Amino acid sequence: MILRRCGNCGETFLVPRVRCPKCFGENFDEVVVNEGVVSDCIEIIATPDPYPERYFLVLAKTVDGVAVFCRSDKEIARGSTVVIEDLELGPVCRKA
Ligand SMILES: [Zn+2]
C-alpha cells in the first residue's frame with residue numbers, strides 16, 4: 001500500500017491531496033507500507049459484487065499512525081500485526 005508523506009513536515013496520509021493538511025506543503029514522497037496493527041475487525045455480510053459474500057473489514061494502524069481499511073477472509077484479533085497487500089479490489093490483509 002502506498003502512503004504519501006509531506007516532504008516539509010512529515011505528515012503521512014493515504015488519500016492523495018494537492019496540499020498537506022498540516023502545513024499546506026505541496027511536495028510529497030511515496031512511502032510503501034505493508035504492515036499494520038489491528039484496531040478493529042468487523043464481519044461484513046451481504047456485500048455487492050464483485051466482493052466476496054462475506055469478509056472481515058479490518059481497521060489497521062500503520063507505523064506512521066495512518067489508519068487504513070483492508071479486507072480479510074478470517075477474523076483477526078485487535079492488537080495483531082497484519083501484512084497488508086494491495087490487490088485489484090483494494091487492500092487485503094492477513095495475520096503476520
Ligand atoms: Zn506538511
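General remarks:
- Selection from the range 71-96 of residues that are assigned to a strand (DSSP E or B), touching a residue at least 40 places away in the same chain (Cβ under 8 Å) and not acidic (Asp, Glu): Thr81, Val82, Val83, Ile84, Pro91, Cys93
- Candidate set from the range 65-75 (those that are more than 18 Å from Arg4 (Cα to Cα) and not polar (S, T, N, Q)); member that is least open to solvent (accessible area, probe 1.4 Å): Arg71
- Residue match in the range 56-64 (condition: open to solvent by 90 Å² or more (accessible area, probe 1.4 Å), under 19 Å from Cys93 (Cβ atoms) and modelled with pLDDT of 95 or more): yes
- Residues in the range 1-16 that are more than 10 Å from the ligand (Cβ to nearest atom) and either exposed (fewer than 13 other Cβ atoms within 10 Å of the Cβ) or more than 16 Å from the chain's Cα centre (by Cα) (or both): Ile2, Val15, Pro16.
- Taken over the range 76-92, the criterion of being surrounded by 12 or more Cβ atoms within 10 Å (Cβ to Cβ) and of a type in the set (Asp, Glu) is satisfied by Glu85, Asp86.
- Enumeration of residues in the range 18-53 that are in a loop (DSSP other than H, G, I, E, B), within 10 Å of the ligand (Cβ to nearest atom) and either open to solvent by 100 Å² or more (accessible area, probe 1.4 Å) or touching a strand residue (DSSP E or B) at 6+ places or on another chain (Cβ under 6 Å) (or both): Arg19, Cys20, Lys22, Phe24, Gly25, Glu26, Asn27
The values are calculated or read from the model by the stated rules, or taken from the named source; none is laboratory data. Just so we're clear, the structure is a prediction, and the values are computed from it rather than from any experiment. Backbone-built Cβ (ideal geometry, glycine too); neighbour counts: all protein chains shown. All accessible areas refer to the heavy atoms of the entire protein, side chains included, with ligands and DNA or RNA removed. Shrake-Rupley method; radii C 1.70, N 1.55, O 1.52, S 1.80 Å.
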